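Okay, so here's the structure we're looking at.
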Amino acid sequence: MHRIVEADVGISEYISHDVSKISGIIKQRFTDFLVYEVDLDYNVIHIKSLDMPKKEKTTTVPSITVETPREKGKSKEKKLEPDEPWPDRFTVALAPFLPEDAVAQVKAMFLEGPEPPRVSDSGWGGRPVKPAESDIAEASSPISDKATRTALHQTVRELFGGKLDSETHATASEADGGSQIAIKWARRGGGRGGARGDRAPRGTYPPYIHFTLQKTNRDTQDALAYLSRLLHVNIKDLSVAGTKDKRGVTVQRVALRRHNKTVEDVWKLANGQVGRKSKDEVLTRRGERGVRIADLNYRKSFLDLGMLKGNAFVITLRYVFRNILLNVEVDSVDTLDRAMNSMKHKGFINYYGMQRFGTATIPTHSVGLALLKSDWHHAISLIMRKRPGEHPEVVAARDAWLIDGDLDRAIELMPRRVVAERCILESFKKQKGDTRNAMGALSTIPRNLRLMYVHAYQSYVWNAIVSERIRMHGSDKPVVGDLVFDTELGDKKVEGDDHEMAIEATVDEEPDKATDTDEPGMFSTSGKPRRTKPWQAPRVKTLTEEDLDKCSIFDVIMPLPGTDVAYPGGQLGELYRKYLELDGLDPDCFIRKQKEYTLGGSYRKILQLPKDFSWTILRYTDPDVALAQADEDKLLGFDPPVIVEDGKFMALQIHLTLGTAAYATMALREVTKTETSSHFQSNLTLSSEDQKFKGVPASDEQEEN
C-alpha cells in the first residue's frame, strides 16, 4: 500500500533552492521536540515550581444566618471565613445533628466535589463505560423530633447554598418512630447536582483554577482525559488555548472549572499525593504517565481555543550531515549556516503539514472530497478501508466487516477511540432492511470529525496552489494578481492567522493525531466547536503594478476555497478553477444541502518568518542520550545533558517561535529539504549509523577511535 508523502498533499517547493540538502532526523527522542506555549501577553510558559501552591486570600463574603435547635428564635449571623471553602462553623453547625464521623464524611464529600460521569480509558476498552448511578449520600442517626429534622434541612440549605440537598428517609425500625436525614449533592435539570455550571460560592475563590501542564508523548485530549479522572471532574470542566504535539514534551496552561476544589486539592489529586505518594516523592520523581501539573492559581475566567500568540520550540535534529538512505554527505558547516540564515531572513513556505492529512494510506482530504461531492458511499468506503500499521484490534474489526461481513463482530472488536468507523458500524446495526443509508451513517460521526475531512481538502488545494505560485513567481516578492489584506480601507490591523482561526472555527485534526501547531478550530474539551463571535470576511486587495512597492512577500495571502473569499487574479485564479473542476467540484458553488459541508473559506499567508531564531551544533555518540532538558527534569534536579565535544555524530539544535497556525515541521523541512512524513522519518532513524551506538559510553567510543 502506498503511504502518503508530501507530494500527495501539494507540498513540493522550497525557498532556498541554492542551498544543498541537509539530513536530519526529527523527533528521535521526546526531548528532541520541546514546545512552550506563548500566551496573549507574549509570555513563554515554563514550569516555575513543583511545590504545593500557597493559599491565597479572597474577598469577604456577606454574612449568612444559620439556625440550630440551640439557637431557636435567635438568629445569629456568622461570617464565612474567607480563606477556607469549609470553615470551622460548618462543623459546629452540623454537630448537633450528626455524629463526628458523619460530619467528616460530609466535609470530604463537599471538598471533593460531585462525582462526574466516569471517563473512558481513551477508547481502547470494548464497551461504553456505565455512568455513576447515584450521588454520594451521608445519613444522620434516626431523628424522631420533626422540629429537629426541619432544623437540619434548613441548616443544610443555608450552609451550602443549594449545592447539597437533604432528604428524609424512613428507618428500618418503625418502633422508634425516627427517620434518617440523607445529605447528598443536589440534582438539577436531570444532571448531576454541582457538576455543571456551578459558580464558586460568592466571596470565596474565583471560579477557575489555571495551572501549567507538561505532557510527554501524549496528545492533548488524552492528557486532559487522564487529568479529569485524577481530579474527579468532567473533562468538559477542563479547557486549553491550543492543542500540542503528541510526540514531544510540551508545556501549556490549562483552565479548570473548580467547583469546590482548592488549588491544594487539585495539586494533591493530580500529583498522586492522595493515598499514593508522599510529598517528598512528588517533588523527587517525574509525574506519572508523562503528566505533570504545576504553578496553580485562581482565575476569574476560562481558557478558550485561540487564546495564545503561538509556541516557542527547542528542536534537536540528529544525525545531521550524513545519511546513507538520502545519499547525503555534507561536511561543510558553511552549508548549514547558509540554510539557517535563509530560514532566518526568508522564512519558509507556510504549508499545512502532514498531520493535517493523517498518516495512513487514505489521506483525510480524499474523504473530504467525497463528502463535498455528496458521494456518501465512497466516503464510507474510504473511511472503512484497511490501513497499514494499525492496532491489531482495529485490523481484526475491519476484517470482520470487510471480509466476513460480520457486523456484530466488527462492532464488538472496534475500539471506541476509532470514532468514525465505530459510528458507521453502529448506525448500520440500527438500520432496518438490506439497504444501507450511507448519508445517515455518516451523520452519526461527530460533527467536528466530519468537518476535519472537508477542511483537509481545503488545505490540500491551498498547498497545491501555493506550490504553483512559488514555481511560477518565486518567493522573493509580490507580483501583480497576488492578494493582500486591504488595511488601507480603514480596517483594523489584520493578522492572517487570526482570520484563518475565525473562519474555520471548527475542527482540523483527529483526536488521536499529533500536531505541532495550534490549528484554528481544534477540539474544545467538550468535543464541540467554539465560536466567540461571528466571522466577517476581511477586505482583500488584488495587487496592481502600482501596489508592488507598498507590500512585501510576507503580506501575500492565499485563500482556502469557499463562498466568502476572493481568488487571486491572472493565472493563479484560473489554476484554482482548474484544480476544483478536475476534482468534480463547481468553483462558483460551495453551498451544500448539508449545511456543515458549506465552505466559507479563509485566508492564510503563504510565507512564515520565525521569531527568536537561533541554532547550535552539538555532538553526541549514543542516540538515546538526551541533548535537551524538559522543565520538570530541571526542577527535579536531574543532571543536565552532557555534550560530548568529540562525539561521533552531529546534531543541530534550533530555537524558534511561530504563530498559532504555523507548522514547525514545515520549518524543519525547509532546512533539511527532506520528507517529513512519519513513516519516512522512521526509516531514516532505522538506517542511521548512530543506532549502532545505543548505550555506548563516551569513553568506549573514544577507545574505538
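The values are calculated or read from the model by the stated rules, or taken from the named source; none is laboratory data. Since we're looking at a predicted model, the values are computed, not measured. Cβ: placed from backbone, ideal geometry, glycine included. Neighbour counts: every protein chain shown.
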**Report entry** Qualifying position, being at pLDDT below 95 and under 30 Å from Asp334 (Cα atoms), among Asp83, Asp41, Asp18, Asp51
**Finding:** Asp18
Query raised in the report: Is it the case that Ile383 is of a type in the set (A, V, I, L, M), not assigned by TED's automatic domain parsing to the domain that holds Leu599 and not in a helix (DSSP H, G or I)?
Result: no
Query raised in the report: Looking only at residues in the range 591-610 that are within 30 Å of Leu442 (Cα to Cα) and charged (D, E, K, R), which one is modelled with the highest pLDDT?
Result: Arg604
Report summary line: Screening Asp176, Asp219 for residues that are of a type in the set (Asp, Glu), more than 38 Å from the chain's Cα centre (by Cα) and modelled with pLDDT of 50 or more leaves only Asp176
Query raised in the report: Do the conditions hold for Gln594, that is, is it surrounded by fewer than 16 Cβ atoms within 10 Å (Cβ to Cβ) and within 25 Å of Met452 (Cβ to Cβ)?
Result: yes
Requested in this report: Report, ordered by the first and then the second residue, all pairs with beta carbons closer than 9 Å, sequence separation of six or more or different chains, a first member in the range 574-587 that is within 14 Å of Glu468 (Cα to Cα) and surrounded by 14 or more Cβ atoms within 10 Å (Cβ to Cβ), and a second member that is among the acidic types (Asp, Glu) and at pLDDT below 95.
Outcome: Arg577/Asp588
Report summary line: When the range 341-372 is checked residue by residue, the ones that are of a type outside the set (A, V, I, L, M), closer than 14 Å to His455 by Cβ, over 20 Å from the mean Cα position of the chain (by Cα) and not in a loop (DSSP other than H, G, I, E, B) are His365, Ser366, Gly368
Query raised in the report: When residues of the range 288-322 are filtered for being basic (Lys, Arg), more than 26 Å from Thr31 (Cβ to Cβ) and either in a loop (DSSP other than H, G, I, E, B) or at pLDDT 95 or above (or both), how many remain?
Result: 1
Requested in this report: Please verify whether the range 338-346 includes one or more residues that are modelled with pLDDT of 95 or more, surrounded by 15 or more Cβ atoms within 10 Å (Cβ to Cβ) and not basic (Lys, Arg).
Outcome: no
